[in-house]
């Protein structure tokens, strides 16, 4: 599903990642751990194609990125935020005019149901709880139909119950076998519980073992 080979990334003249190599299989959840500034977010952004690569290569299918602070449009409803995941298929102007095809609306509602937000479609994002907003962000990622989910500290700002619920959801999505999940986690106990494997990044390099 994902293979990273000899990846190096430099930002503003500073080498952030050095000779990174690993693979993630379909159906697998892999957690990236490490101290702040180790390059974890840069690694996810490089895989998502958001930062240039200095050396090496990334072999990956289309991916969807779940941001730490969910990055929802606060004044849009949960349904409208999820529909944003279909932008690549329907185009900007149709979305700006809210001319969503019926099939896309039905799929967005199904994505909300999959993350446990049925009945919340018409609620504005700024009226959702933190856990609900993060679930909506996952639903938006599902709407992109990407076989690879990248999650940047998706539970950093959530209470323990909501954190467990979001990670269990990502685990269940991977368990279907048609998606791979690569996520950044700062909580080792959660990584042990929900990830199949754990990788540790320090000073831009993967630690052995």
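Rule-based calculations on the coordinates, nothing more; no lab input. All figures in this text were calculated on a predicted structure; none of them were measured in a lab. Positions of Cβ are generated from backbone atoms using ideal geometry, with glycine treated the same way; all protein chains shown enter the neighbour counts.
The alpha carbons of the chain stretch over 48, 37, 31 Å along the principal axes, in descending order. Helix 160-175: angle to the longest alpha-carbon principal axis of the chain, degrees 0 to 90, nearest 10? Compared with the principal axis, the helix lies near 80 degrees. Taking the DSSP bridge list for the chain and keeping only pairs wholly inside it, about 45 percent are antiparallel. Per residue of the chain, the DSSP helices (runs of n ≥ 4 H) give a summed -39500 (n - 2.57) that works out to -10000 deg cm²/dmol at 222 nm.
Between the Cα long axis of helix 102-114 and the first principal axis of the chain there is an angle of about 60°, rounded to the nearest 10.
Packing-based ranking of 33-42, 51-60 yields 33-42, 51-60, ordered from highest to lowest mean Cβ neighbour count within 10 Å. With contacts taken as Cα pairs under 8 Å and at least 6 residues apart, segment 142-194 reaches a relative contact order of 48 percent. Could you work out how far helix 130-143 tilts from the main Cα principal axis of the chain, as a 0 to 90 degree angle to the nearest 10? The helix 130-143 is inclined about 90 degrees to the chain. Across segment 73-145, the relative contact order, built from alpha-carbon pairs under 8 Å that are at least six residues apart, equals 51 percent. Could you work out the relative contact order of the chain? I mean the mean sequence separation of Cα pairs under 8 Å and 6+ apart, divided by the number of residues, in percent. Reported as a whole number, the value is 34 percent.
Expressed in units of 2.2 N^0.38 Å, where N is the residue count, the Cα radius of gyration of segment 33-156 is 1.12. Over what distance in Å are the Cα centres of segment 156-199 and segment 10-64 separated? A separation of 18 Å, based on Cα centres.
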